[in-house]
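For reference, the structure is listed below as structure tokens.
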RNA sequence: GGGCGCUUAGCUCAGCUGGCUAGAGCACCUCGUUUACACCGAGGGGGUCGGGGGUUCGAAUCCCUCAGCGCCCACCA
């Protein structure tokens, strides 16, 4: 069939993808080495962003490469319910309709969100298709599917029975706007300007006072002690005495604790165990009571708070209390400082530390196992530095709060005895609000699991653990590919849960890609307004171009600005492939359909020799997860070697069977990077019995005669030199003369065509300008052009001199001769000799023209 | 306060365990109506690899140091 002049991606991509899908090209084969990747499940409700495009590009490149290696590949897609994220989106939608989550019962809200997500499902699946991800859709997993939920329960139950789960009243990071707690790593810390107030707390029954320093005067009503450092000479006499808490009648003790830094503030700290986590620890050590004075809606409550302040928000209360303290003369100083404030990563409201009963996982033993696995080298990290970072994280990891006060998630299968609050039982009947066990009524915990609790089981879950055949065949995963930002949040937990549940690491290799930033290196974020939609770029340049743009120049772990010029480069490459195919198709002759593949001339040997070389290099780079470099290798073979040299040379006498074989071989190596265009070409040109490129193995074309290949390198050298000389002298119509050069005698016609010469003729050694060192051939040029040529010669001469000086220096260095590897020294000697003879030739040439 | 990373051509970046004249894409200059391709072809310009010091026969690559930028962790109230 006839191909159009240029490749139009959007004309083919959709139908190519459905062809792949219909033909079962993405199902694992029955033979070969196992290779498995599970796609990090995107949020089921959101559009894909540039980070997804990068993830999918890398994973799909790896997967398609392994199919071509003959491996038995499975690539499992999925989606995450993304609990909090999705509920936030849904609440925003409700807000637009003038409603809020409080207008619905938990059950109705859950149902509504479920439908909302289901109705959006096509959006992201079609985007994954558009990006060309060769996933097996029949294996699709959603994180609220029954098996996933069951699995989360099994893990929770196992932990429960192993004593790794506990429920306790702890300080949690709480967003009063969103009404839920967060894990420590989910809190965003920002450096902000604030005040450090010094407040005087008078002694009871004697004169004097201690001056505490605080940034949060409004928590004063929750104070249950004041602490000083036990070794602080200033305050020795105060330890054990009693202070009167300002604005109240309450009396609190002065305690001594090493936690207090004598150099910060006044060296005196008010202790508020219910609203500060350090204070919470101090409180535990000193058996202090905990008084909550801020409620879950962010307002001052509790009867500890004087009536006039009750019901105020935290910031209102701060102002009112400061005024009152000031009026009564308690404020001693007001210092402006910068300090870190924890904020909600969604709404930017300050995160409050509030006392709550929550489910925690004791992660210490899990982290220790993970450290062991890392030390034993069971997981390869790209980049390697990440394994150190992860180890450090495990070493200081704290218990994991897995309760979330939202409805969109997996209900926690725990029930509380209505009459005995500390009696909790494990039970999976979460669809019931209450259950009766042993004559006692138990009420379900209204909370759901942290999304990361279920998604951290993704590697084995997606493979149908525990009984699934995929689990037996493909676990541990060959590769987990994800963003550097998820090292702690996800990867650390996958490793811990994988080891805990399956006794094996969940993946053998983990590859972290960096963040995709904008042209100025900033994160893409809605608030800056620099977010790009991969689908827009895809529609303009094609899916293949987007992939190439994403991966070229990209290395593991490094952030990378998205620049459109790389996408343009990718599009151009696709078009180059297309036109190679066009040319090849035009050469095709039906009467020679079954012609044998033979290597006829030196160009044939050269290109096959080149191909076999680059194929090896390409595989090495791919195996080392150096995708960008592998792409470059393929790119230059196809563009430079095949298109610019081989095809140009073969226009004289096309070797059609070889051309066609080279095209097919090129399609296979380009396919991981540019699946759509390569498949489109394959579909339109292949006479192969297996019509689908996807899954086609690498094509071997060798062996070639290396000597003849090298002969062609000489031809190339002559051609390049002639072109350069022609350009330097401005000569248009020139002939090449040669004497006693069999190679030129035989392949003069190739040189003539490639260098656009008038002719190539045999002649006795004569005039004309020398084309190549060590070869008896000359370019016949007009006398008028000689001046230009001499200038050209001068620059060549000084270049050669520079090189000789450099080599002489090196060879004149005794230490170099003695200590450098012998072959390197030998190489330098050869180079020096070559350079000398080249210079000699150039000088002779100059003399020749200087004295005609 | 700790830890880590980056600084290479105009732009965005490669350059693995130190070894030919430091590479790519895009941009730039000159030439080209060669029927595969102007999303092209040919030729070319452009970098003392952030500064300084050290190790080495040899450093963009290893070490130290300074400067600038960035990230992560850390709840000094």
Quiz prompt | the range A:153-252: C-alpha gyration tensor shape, a/c 1.5 cut-off, then a/b vs b/c | solution = prolate
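What shape does chain A take by its C-alpha gyration tensor, where a ≥ b ≥ c are the square roots of the eigenvalues and a/c under 1.5 counts as rounded, a/b above b/c as prolate, and the rest as oblate?
Cα axes put chain A in the prolate bin.
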Self-check item: Fewest-first ranking of A:336, A:150, A:270, using other Cβ atoms within 10 Å as the exposure measure
Solution: A:336, A:150, A:270
Practice problem: Over the range A:763-852, calculate the relative contact order: mean separation of alpha carbon pairs under 8 Å at least 6 apart, over the residue count, as a percent. | Solution: 30
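Which whole-number percent gives the relative contact order of the range A:487-543, counting Cα pairs below 8 Å spaced six or more residues apart?
14
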Quiz item: How far, in nm, would the chain grow between residue A:782 and residue A:376 when pulled straight, counting 0.36 nm per residue and subtracting the alpha carbon separation?
Solution: 138.8 nm
Quiz item: For the range A:665-733 and the range A:561-587, what is the separation of their Cα centres, given in Å?
Solution: 14
Quiz item: Where does chain A land at 222 nm, in deg cm²/dmol rounded to the nearest 500, when only DSSP H runs of n ≥ 4 count, each adding -39500 (n - 2.57), divided by all residues?
Solution: -14000 deg cm²/dmol
Quiz item: What full-extension length gain, to one decimal in nm, is calculated for residue A:29 and residue A:727 as 0.36 nm per residue of separation minus the Cα-Cα distance?
Solution: 245.8 nm
Quiz item: What is the range A:541-587's relative contact order, in percent, from Cα pairs under 8 angstrom and six or more apart in sequence?
Solution: 44
Quiz item: Ranked highest first by average number of other Cβ atoms within 10 Å, how do A:784-790, A:693-699 line up?
Solution: A:693-699, A:784-790
Quiz prompt | Principal-axis tilt of helix A:656-670 within chain A, Cα atoms, nearest 10 degrees | solution = 20
Quiz item: Between the range A:346-403 and the range A:86-112, what's the alpha-carbon centroid distance in Å?
Solution: 32
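Between residue A:426 and residue A:333, what length in nm is gained on full extension when 0.36 nm per residue of separation is reduced by their alpha carbon distance?
Here the answer is 28.2 nm.
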Practice problem: Please work out the Cα center distance from the range A:783-852 to the range A:282-303, rounded to the nearest Å. | Solution: 84
Quiz item: For labels at residue A:116 and residue A:504 in the simple 7 Å Cα→Cβ model, what's the distance in nm?
Solution: 4.0
Quiz item: Once label points are set 7 Å from the Cα along Cα→Cβ at both residue A:307 and residue A:774, what is their separation, rounded to one decimal in nm?
Solution: 10.5
Exercise. May I ask what percent, to the nearest 5, of DSSP beta bridges between residues of chain A are antiparallel?
Key: 70
Practice problem: Please sort A:669-680, A:526-537, A:109-120 by packing, taking for each peptide the average over its residues of neighbouring beta carbons within 10 angstrom, highest first. | Solution: A:669-680, A:109-120, A:526-537
Practice problem: Report the paramagnetic label zone for residue A:698: residues of the range A:625-652 whose backbone N is under 12 Å from a point 7 Å from Cα along the Cα-to-Cβ axis. | Solution: A:634
Quiz prompt | Alpha carbon convex hull of the range A:637-733, volume per residue in cubic angstrom | solution = 138
Quiz prompt | Residue exposure sequence - A:347, A:777 - by fewest surrounding Cβ within 10 Å | solution = A:347, A:777
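How do A:200, A:134, A:6 rank when sorted from fewest to most other Cβ atoms within 10 Å of their own Cβ?
By the 10 Å Cβ count, ascending: A:6, A:200, A:134.
For the range A:579-715, what class follows from the C-alpha gyration tensor (a ≥ b ≥ c being the square roots of its eigenvalues): rounded when a/c is under 1.5, otherwise prolate if a/b is larger than b/c, else oblate?
Note, shape of the range A:579-715 comes out oblate.
Values quoted throughout were computed directly from the atomic coordinates according to the rules given, and no laboratory measurement underlies them. Not measured: the values here are computed from a predicted model. All Cβ positions, glycine included, derive from the backbone under ideal geometry; neighbour counts span all protein chains shown.
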